[in-house]
Amino acid sequence: MKNVFDISKRPITKILMVVMLALLAIGTWMFHNFYESRIGEEQPIPFSHRVHVENKNISCVVCHEGAIQTSRAGVPPVETCMLCHEKIIVHHPEIQKVHEHYNNNEPIYWEKVNEVPDFVHFNHSLHTFRQVDCGECHGNIKAMDRVSRVHELNMGFCVECHKEEKASIDCFTCHR
Ligand code: HEC
Ligand code: HEC
Ligand code: HEC
Ligand code: HEC
Ligand code: HEC
């Protein structure tokens, strides 16, 4: 005899299951594409590019001077923060943490946001020299309270611009 109480056999249950799976998939997709990419990594100290770059007009290379001269842009050491925060808002609780790091000679370990694998050769200064804007690869940093990755820095992304800009697309340029 057919078991009328077995809800798993009713068509409505199947439809609901499909709808729920679809919602879950859409939710996951939205999370990865919007939530994560807009908010970015949580950092040990809530450093805001919006406050420093947009509100206070501090140039990128005050803190990332490597981007002009070397392959790596680099993140600033505590000493760079102290250039200003030795005097500015010293009683702010987050700045007190910065002072502690400085006094104890302890670096701040910032979470990495952008990274390419070791087998990829990338060089910041060559791009800066050719006046490729930081934003082409990193998005509108000055609007961000928490830096997030805006572009997947994959091969397609690099090669597409290299073709447009007539830069080399020789394999050896990026893999050596
Ligand atoms: C006052 C110092 C300061 C200035 C000015 C500054 N940054 Fe930063 N930047 C930092 C610090 C500290 C971090 C690490 C913490 C974080 O990710 O927010 C960082 C992180 C980043 C990262 C992510 C690093 C990673 O791991 O991939 C990018 C990209 C970046 N900055 C780009 C810029 C650009 C572009 C500008 C100018 C529009 C700029 N920064 C101006 C201090 C600064
Ligand atoms: C060139 C000067 C300068 C440098 C370098 C600098 N800051 Fe600042 N920072 C400022 C100014 C100006 C403010 C805004 C102060 C105010 O609100 O009156 C500020 C504000 C802040 C705040 C409070 C932001 C808020 O949300 O209210 C934090 C936290 C902070 N900075 C952390 C850092 C850290 C960490 C570094 C080093 C990576 C750093 N700053 C480097 C000038 C600087
Ligand atoms: C052509 C693309 C491109 C441009 C333009 C660019 N970056 Fe980057 N950036 C990258 C890539 C790729 C990485 C990851 C590098 C790695 O893993 O070795 C990176 C990493 C970083 C980091 C993390 C620390 C580091 O050096 O790895 C910071 C900070 C940063 N960039 C800041 C900047 C600033 C500031 C500018 C403008 C002066 C800039 N970038 C311009 C592609 C770019
Ligand atoms: C928005 C445009 C753009 C993007 C994105 C871009 N590049 Fe470039 N790249 C350039 C330009 C322009 C040059 C300079 C070419 C020249 O001087 O002839 C260049 C030069 C280079 C060079 C030096 C080439 C040489 O002849 O020595 C390397 C290496 C390089 N890029 C790697 C990368 C990698 C890896 C990525 C992706 C993570 C990337 N680029 C993304 C525009 C871009
Ligand atoms: C302008 C820079 C650039 C050039 C030119 C380039 N690549 Fe790449 N390649 C990359 C980057 C960046 C990655 C890392 C992709 C990632 O992280 O997903 C990569 C990854 C790869 C991988 C690893 C597999 C993968 O997809 O992750 C292979 C294999 C590869 N490249 C082969 C080549 C060959 C062959 C050529 C020449 C026809 C070439 N690449 C030219 C930037 C470049």
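Readers should treat all values here as calculations from the given coordinates under stated rules, not as data from a laboratory. Note that this is a predicted model, so its numbers are computed, not measured. With ideal geometry, Cβ positions are generated from the backbone for all residues, glycine too; neighbour counts draw on all protein chains shown.
Less than 14 Å Cβ to Cβ from Cys161, Lys/Arg counted +1 and Asp/Glu -1: what total charge do the surrounding residues give? Let's see the in-between values first.
Numbers: positive: Arg130, Lys163, Lys166; negative: Asp133, Glu136, Glu152, Glu160, Glu164, Glu165.
Once positives and negatives cancel, what remains is -3.
To the nearest 20 Debye, how big is the dipole of the chain about its Cα centre, given +1 on the beta carbon of each Lys and Arg and -1 on that of each Asp and Glu?
820 debye
Using R₀ = 41 Å, calculate the FRET efficiency as 1/(1 + (r/R₀)^6) where r is the Cβ-Cβ separation of Thr70 and Leu21; round to 0.05. Don't jump to the answer; show the numbers that get you there.
Details: r = 49 Å, r/R0 = 1.19.
Efficiency for this residue pair is about 0.25.
Enumerate lysine pairs in the chain that are 8 or more residues apart or on different chains, then count those whose Cα atoms are under 30 Å apart.
Number of lysine pairs found: 14.
Can you compute the modelled spin-label distance between Glu160 and Asn114, with each label point 7 Å from Cα toward Cβ, in nm?
Modelled inter-label distance: 1.5 nm.
Could you rank the peptides 154-160, 58-64 by their average count of other C-beta atoms within 10 Å per residue, with the highest value first?
With the highest mean Cβ count within 10 Å placed first, the list reads 58-64, 154-160.
Over the Cα atoms of the range 68-176, Rg to Rh with Kirkwood Rh, two decimal places? Write down the numbers at each step before the final one.
On the way: Rg = 17.7 Å, Rh = 16.6 Å.
With Rg and the Kirkwood Rh in hand, the quotient comes to 1.06.
Counting only other residues whose beta carbon sits under 13 Å from that of Glu115, what net charge do I get with K and R as +1, D and E as -1?
Counting the neighbours of Glu115, the net charge comes to -1.
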